[in-house]
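Here is the structure we will look at.
The values are calculated or read from the model by the stated rules, or taken from the named source; none is laboratory data. It should be emphasised that the depicted structure is a prediction, and the values quoted were computed from it without experimental measurement. Virtual Cβ from ideal backbone geometry, glycine too; neighbours counted across all protein chains shown. We work out accessible area using only protein heavy atoms, side chains counted, and drop any ligands, DNA or RNA first. Shrake-Rupley method; radii C 1.70, N 1.55, O 1.52, S 1.80 Å.
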Amino acid sequence: MQTVRHSEHTLKTALISKNPALVSQYEKLDAGEKRLMDEAFRPDSDLFGPITLHSQSDWITSHPEAPQDFEEFFNDLYRKTPSPQKHSIYIQCIGLLGNTRSISEEYVKWLKGYCEAFFYGLTVKLLEPVPVSATRCSFRINDNTQNLQIHAGQILKFLKKKKPEDAFCVVGITMIDLYPRDSWNFVFGQASLTDGVGIFSFARYGSDFYSSHYEGKLKKLQKKSSSDYSVFDNYYVPEVTSVLLLRSCKTLTHEIGHTSGLRRCRWLACLMQGSNHLEEADRRPLDLRPIRLRKLQSAVGSHLKDRYKALVRWVDTESTDTPTVTPKPSRADPLSLPKPVEAFKEWKEWITKCLAVLQK
């Protein structure tokens, strides 16, 4: 294992800048926010640590690129920033996210609530869920997994046409695997930053996706024509678990972060790190580190204390009309799931430490 460390001076410059105007902007943060941000360049900080590399296949090793400091982010002329006219994040569900319609609807509400807390200060809205047929996208069976896949690029075109006037971005989410072109095996997601649209699949985040016993496998695609989407009528959806919800929240906020101009982080262990595989994605923290956090705060304009409190509330608040017993997966089951937040326990403890620093 290799550790990527930067000097205290390098991290401080990346966070605060040498530009007098940006330094002055930083000095105007309240005392608690500065105290938390300053943890970025403290070598003994127990809140923010360095990036660790576990193999040559990790993102930083295989994708060399220059890191983005705050000054570069702030001066990026092509960066899209939320405005009073375009202040909403829209989530478009494609197909079901759960074994029943009610579970799927509950899952989308959890993701909406999480995004509202994570991007505190922006509005998050849900578009009416649509079946795959509404997108008119191409589809196929993956030769390796024998699982259904839908064409990511064609879904982006669909989302662009549906983009509301007040949308900062529109994010499509699905439990169906994606492919960007015929020559590619798969893709976790795809986005167009210029158009402010993205599509992301949570299919491979299920615990059994790579198992030989995965119930979503199809031996043969039987369709009468390219417009026959009946194969998706009984599409297999993995059981909703706490780990699946955590991975979904992590992916959704990471990708929306890109639409705000946040590049992949190469400074500290951070949600915005790139990942080449699921193991590496799981190692990423669930939240932003100070350099990225200052960028988000600059773009959105929220107070960190309010944001962290909202995130804790999301973990602590159960969904409405929650049954006391988790229902067994069944397409006929009308009940919803209790919010499975067991996997968020460690992260909540970390957020609580950050709040303690802010409110010291």
(request) Quote the accessible area belonging to LYS163 in square angstrom, nearest 10, computed with a 1.4 Å probe and with ligands, DNA and RNA left uncounted. (result) 60 Å²
(request) Rounded to the nearest 0.05, what FRET efficiency do ASP44 and SER226 give with R0 = 45 Å and r taken as the Cβ-Cβ distance? Could you check? (result) 0.15
(request) Using only the Cα atoms of the stretch 124-180, each taken as one equal point scatterer with no solvent, compute I(q) by the Debye sum, divide by I(0), and report log10 of the ratio at q = 0.14, 0.18, 0.27, 0.28 Å⁻¹. (result) -0.42, -0.64, -1.19, -1.25
(message) Over the Cα atoms of the stretch 86-239, each weighted equally, I'd like the Debye log10 I(q)/I(0) at q = 0.19 Å⁻¹, rounded to two decimals.
(response) -1.23
(request) Can you find, among ILE173, TYR107, VAL130, the residue farthest towards the positive end of the dipole of the chain? Put +1 on the C-beta of Lys and Arg, -1 on that of Asp and Glu. (result) VAL130
(message) What does the extension gain come out to for VAL23 and ARG313, with contour length at 0.36 nm per residue minus their alpha carbon separation?
(response) 101.1 nm
(message) Straight-line reach from LYS309: which aspartates and glutamates fall under 13 Å, measuring Cα to Cα and dropping same-chain residues less than 8 apart?
(response) GLU116, GLU349
(request) Compute the semi-axes of the equivalent ellipsoid of the stretch 260-302, taking the square root of 5 times each eigenvalue of the Cα gyration tensor, and list them largest first in whole Å. (result) 21, 9, 8
(request) Using a cut-off of 13 Å between beta-carbons, work out the net charge of the residues near SER55 (Lys and Arg +1, Asp and Glu -1, SER55 not included). (result) -2
(request) Kindly point out, ordered by number, any Cys in the chain whose beta-carbon has no other cysteine beta-carbon under 4.7 Å away. (result) CYS93, CYS115, CYS137, CYS169, CYS249, CYS354
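Placing +1 at every Lys and Arg Cβ and -1 at every Asp and Glu Cβ, with all other atoms neutral, what dipole size does the chain have around its Cα centre, in debye to the nearest 20?
640 debye
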(message) Amide H of ARG266 versus every other amide H placed in the peptide plane: which residues, excluding those fewer than 5 positions away on the same chain, fall under 5 Å?
(response) GLN68
(message) Let's test the formula: R0 of 30 Å, r as the Cβ-Cβ distance of GLN2 and GLU239. What FRET efficiency results, to the nearest 0.05?
(response) 0.25
(request) Rank ILE16, LEU36, GLY198 by how far each Cα sits towards the positive end of the charge dipole of the chain (+1 on Lys, Arg Cβ; -1 on Asp, Glu Cβ) and give me just the farthest. (result) GLY198
(message) Can you compute the FRET efficiency between LYS157 and ASP76 using 1/(1 + (r/R0)^6), with r the Cβ-Cβ distance and R0 = 30 Å? Round to the nearest 0.05.
(response) 0.70
(request) With N set to the residue count of the chain, report its C-alpha Rg divided by 2.2 N^0.38 Å to two decimal places. (result) 1.01
(request) Determine ³J(HN,Hα), in whole Hz, for all residues of the stretch 281-295 in sequence, where each value follows from phi through the Karplus function 6.51 cos²θ - 1.76 cosθ + 1.60 and θ = phi - 60°; x replaces Gly and Pro. (result) 4, 5, 6, 5, x, 8, 9, 7, 9, x, 5, 6, 5, 5, 4
(request) Could you calculate the contour length gain from HIS9 to ARG181, that is, 0.36 nm times the residue separation minus the distance between their Cα atoms, to one decimal place in nm? (result) 57.5 nm
(request) Could you calculate the contour length gain from SER83 to SER57, that is, 0.36 nm times the residue separation minus the distance between their Cα atoms, to one decimal place in nm? (result) 5.5 nm
(request) Step through the residues of the stretch 9-18 one at a time and calculate ³J(HN,Hα) from phi using the Karplus curve (6.51 cos²θ - 1.76 cosθ + 1.60, θ = phi - 60°), rounding each to whole Hz and writing x for Gly and Pro. (result) 5, 5, 5, 5, 5, 4, 7, 9, 5, 9
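Which of rounded, prolate or oblate describes the stretch 177-241 when judged by the alpha-carbon gyration tensor and an a/c cut-off of 1.5?
Oblate, since a/c reaches 1.5 and b/c is not below a/b.
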(request) Provide the per-residue ³J(HN,Hα) series for the stretch 266-271, in order, calculated from phi with Karplus coefficients 6.51, -1.76, 1.60 and θ = phi - 60°, each as a whole number of Hz, with x at glycine and proline positions. (result) 10, 9, 9, 4, 8, 4
(message) Can you compute the charge dipole magnitude of the stretch 256-322 about its Cα centre, using +1 on each Lys and Arg Cβ and -1 on each Asp and Glu Cβ, nothing else charged? Give it in debye, rounded to the nearest 20.
(response) 600 debye
(request) Determine the dipole magnitude for the stretch 1-48: charges of +1 sit on the beta-carbon of Lys and Arg, -1 on that of Asp and Glu, nothing else is charged, the reference point is the Cα centre, and the result goes in debye to the nearest 20. (result) 200 debye
(request) At a temperature of 20 °C and a viscosity of 1.002 mPa s, determine how fast the stretch 1-148 diffuses translationally according to Stokes-Einstein, using the Kirkwood radius over alpha-carbon pairs as Rh; express D in µm²/s, rounded to the nearest whole number. (result) 106 µm²/s
